[in-house]
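Input: a single structure, listed below in structure tokens.
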Amino acid sequence: YDLYHGTSSAIEPFMAALEMIHTYSLIHDDLPAMDNDDYRRGRKTTHVVYGEDIAILTGDALLNYAFETACQAFDKDPENSFKIGQALKVLGKKAGIYGMIGGQVIDVKETGHAVTKEVLDQIYELKTGALIECAMLIGAILGDAPEEELPQVEKIASYVGIAFQIQDDVLDVTSTAEVLGKPIHSDEKNHKTVTLKGLEESVKIVEALSAESIGLLHKLSGENEYLENLLIQLIHRDK
């Protein structure tokens, strides 16, 4: 959004909506039927504190409230209703069966057996990359990005999403539960580890994807040093 210096106040409801969708996905991801994790961000997970039933309902509520909140964009900037409609379509698709939920389904179905790199890449692209693509595409749309640049924005976000998830796998092996704020070696437990490529090779892939995404960012018509630094920090985080 800031890359194109857009001025629409419609972006704010979408920012809140994305946070709600991400949080609901984590609450459901931690459930006993999914990853069955007891800690998230250094605190007890929702199902541990409030029970599995309330955790499911909390996730459901956040998902519904996300779209209710995003629709407030029409009231904030009625003159941009067409672009807001485009942004809503992106939000629905990237968070749904062709995006995050689709990736989660594949992830669940493959849990318990060794997976190929192709399947793992598909999980990363959908489960993690889709929401990052969603955030960047919505920002670009509401920031008046040239339509021909939207596929490039989506590609940048895709590279960042895959690199983010590979870095997550690296940290699952190299970090500690205290630093990460969640259990470590969970990927090993589910037979989806960086051992497919090895730790050293995985780090190289993160570096290559990072360089590719920043290179594409520089080819866009807008310039934004903050966004570039944010993408680098996101990919190379240590927790």
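The values are calculated or read from the model by the stated rules, or taken from the named source; none is laboratory data. Quick caveat: nothing in here was measured; it's all calculated off a predicted structure. We place every Cβ from the backbone using ideal geometry, glycine too, and count neighbours over all the protein chains shown. Surface accessibility is based on the protein's heavy atoms, side chains included, excluding ligands, DNA and RNA. Shrake-Rupley method; radii C 1.70, N 1.55, O 1.52, S 1.80 Å.
Residue-wise HN-Hα couplings along the stretch 60-75, as the Karplus relation 6.51 cos²θ - 1.76 cosθ + 1.60 with θ = phi - 60° gives them from phi, are 4, 5, 5, 5, 5, 5, 4, 6, 4, 5, 4, 5, 5, 4, 4, 6 Hz; Gly and Pro carry x. Each distinct pair of alpha carbons in the chain adds a 1/r term; the inverse of their mean, the Kirkwood radius, is 18.6 Å. Please give the helix 225-235 orientation as an angle from the longest Cα principal axis of the chain, in degrees from 0 to 90, rounded to the nearest 10. That works out to roughly 20 degrees. The angle between the Cα long axis of helix 81-95 and the main principal axis of the chain comes to about 10°, on a 0 to 90 degree scale. For the stretch 11-166, a crude dipole built from +1 on the beta carbon of Lys and Arg and -1 on the beta carbon of Asp and Glu, taken about the Cα centre, is about 200 debye to the nearest 20.
Rounded to the nearest 10 square angstrom, Ile54 shows an accessible area of 70 square angstrom against a 1.4 Å probe. For Phe74, the accessible surface of its heavy atoms amounts to roughly 70 Å² (probe 1.4 Å, protein chains only, rounded to the nearest 10). Taking all protein chains as they are arranged and a probe of 1.4 Å, the heavy atoms of Glu68 leave approximately 110 Å² accessible to solvent.
Carbon-plus-sulfur accessible fraction, the chain (probe radius 1.4 Å, protein heavy atoms only): 55%. Legend: residues Tyr39, Tyr50, sorted from most to least accessible area (1.4 Å probe; ligands, DNA and RNA excluded), read Tyr50, Tyr39.
Per-residue 3J(HN,Hα) values for the stretch 199-213, derived from phi via the Karplus relation 6.51 cos²θ - 1.76 cosθ + 1.60 with θ = phi - 60°, read 4, 5, 5, 5, 4, 5, 5, 4, 4, 5, 5, 4, 4, 5, 5 Hz in sequence order (x marks Gly and Pro). Solvent-accessible surface of the chain, taken per residue with a 1.4 Å probe and all protein chains present: 52 Å².
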